[in-house]
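Reading through the structure tokens given below for one structure.
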Amino acid sequence: MNNFASDPLTLYSYIFVGGFVAIYFWRFLGLVFADRLAIDSEILIWVRLVANALMAALVARIVFLPPGTLETTLLSNRLIALFVGILGYFFLGRKLFIAVICAISTFIALEMLIKKSLF
Amino acid sequence: MRGGIIMAGTWFHGQTALLGLKNSFGVAGLVLCASSIGVGALAHDAGIGVLPLLIMTFFTWALPSQVILIAMMASGAGLIATALAVSLSAVRLMPMVTSMIPTIRNEDTPRWILLVIAHMTAATVWLEARRQAPTIPLEKRAVYILFMSLGLISMLMVGVMVGFHLASQVPVLISAALIFITPIYFLVAMFSAAQIKADYISIGLGFAFGPPITYLLPELDLMIAGLIGGSLAYGFFLLFEKGKEKAA
């Protein structure tokens, strides 16, 4: 393992080369493509839809292959909570905040209920 | 009147900057703050100090990629291998920048601001720009987005610091709920930013295609799911929605 505490040069080369440069490369490329597109360009709609689908795939990956401690929770609870959040959004005035509260409180309630009944 | 001195500074609008800063302290900021707590804890366990962590947070500004960076550093991976793994996770930012930039600039927007905004583009900013930018006049959008991003990044840094100091003292269920807030916010914010039916279709297809493609091609899954789902939704737009617009 790298000893980052005693070697700031290594630490900051990881942060700037492994982090900043590696990520900014794609942002810069995105900007280069954006230069060729006008605000009313139809390709812009395609790019937006691709980005939408990509983000939705990321959401699905977190739900179905959860990272970290989320792994300790039930898939059914995650799916139900997500569904309740979407319902909350569309039926309670299309407010993002309310939808997030609906989903997360459903999630915590379901998890607590199940953990309690099991142990 | 294209003299540099006269035009210099026309991109800046103080009130819009303040509004952007103020609006960053909303749902998006809270979600970021909450979801970054786990990242702070991760960095703590990897032996990365507070100051490097904050600098890293500012210069990566993409939580999933930052998680991979910290995990690679903790595992003792080489610099090139780390850069490649992090880079692979950041491909998703490219279509976000490409689709956002043309909607927030005009001919007076200085190049350096666009270069900075490109760095500030992450899922949260991309979503909030789509949700909020239409209410801001075009010539003020760049400064609005810039200051909103700065506000959001501050919230992220607060969350990372809280996580760093709490480390592993957070109960498992709370830490799981903090992770789960992000996908909920992403999904609902995408619904709230949707303008046309094809937006909803792209979200549904991406969600449906994601898991099977992850199973088949775990490295490039998101990009492939994005391209297939987004292109099919675009086909729907060309076939049904665009025609309707013309007929109406």
Inter-residue pairs, beta-carbon under 6 Å, first surrounded by fewer than 24 Cβ atoms within 10 Å (Cβ to Cβ) and in region B:121-139, second of a type in the set (Lys, Arg), 6+ apart: B:Ala133/B:Arg141
Would you confirm, using the coordinates I've provided, whether A:Leu110 is more than 18 Å from the chain's Cα centre (by Cα) and away from chain B (no Cβ under 11 Å)? no
Name the residue that is nearest to A:Ala22 (Cα to Cα), counting only residues in region B:72-85 that are more than 7 Å from chain A (Cβ to nearest Cβ) and surrounded by fewer than 16 Cβ atoms within 10 Å (Cβ to Cβ). B:Leu84
Just checking, how many residues over region A:61-100 are over 17 Å from the mean Cα position of the chain (by Cα), more than 7 Å from chain B (Cβ to nearest Cβ) and closer than 25 Å to B:Gly26 by Cβ? 9
Tally, over region B:197-211, of residues that are buried (at least 19 other Cβ atoms within 10 Å of the Cβ) and touching a residue at least 40 places away in the same chain (Cβ under 8 Å): 1
Residues satisfying the stated conditions in region B:50-67, i.e. more than 7 Å from chain A (Cβ to nearest Cβ) and surrounded by fewer than 23 Cβ atoms within 10 Å (Cβ to Cβ): B:Val50, B:Leu51, B:Leu54, B:Phe58, B:Leu63, B:Pro64, B:Val67
Suppose we filter region B:222-240 for residues that are within 21 Å of the chain's Cα centre (by Cα) and either crowded, with 23+ Cβ neighbours inside 10 Å or in contact (Cβ under 8 Å) with a residue 60 or more places away in the chain (or both); how many remain? 6
Restricting to region A:22-40, name every residue that is facing chain B (nearest Cβ under 7 Å) and loosely packed, with under 15 Cβ neighbours inside 10 Å. A:Ala38, A:Ile39
Any idea which of (1) buried (at least 17 other Cβ atoms within 10 Å of the Cβ); (2) over 19 Å from B:Met100 (Cβ atoms); (3) more than 15 Å from the chain's Cα centre (by Cα) is the one B:Met155 doesn't satisfy? (3)
Consider region B:112-124. How many of its residues are assigned to a helix (DSSP H, G or I) and either over 22 Å from A:Asp40 (Cβ atoms) or small (Gly, Ala, Ser) (or both)? 8
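Read-outs throughout are calculated quantities, based only on the coordinates presented, and are distinct from any laboratory measurement. All figures in this text were calculated on a predicted structure; none of them were measured in a lab. Counting neighbours? That spans all protein chains shown, and the Cβs are built from the backbone with ideal geometry, glycine included.
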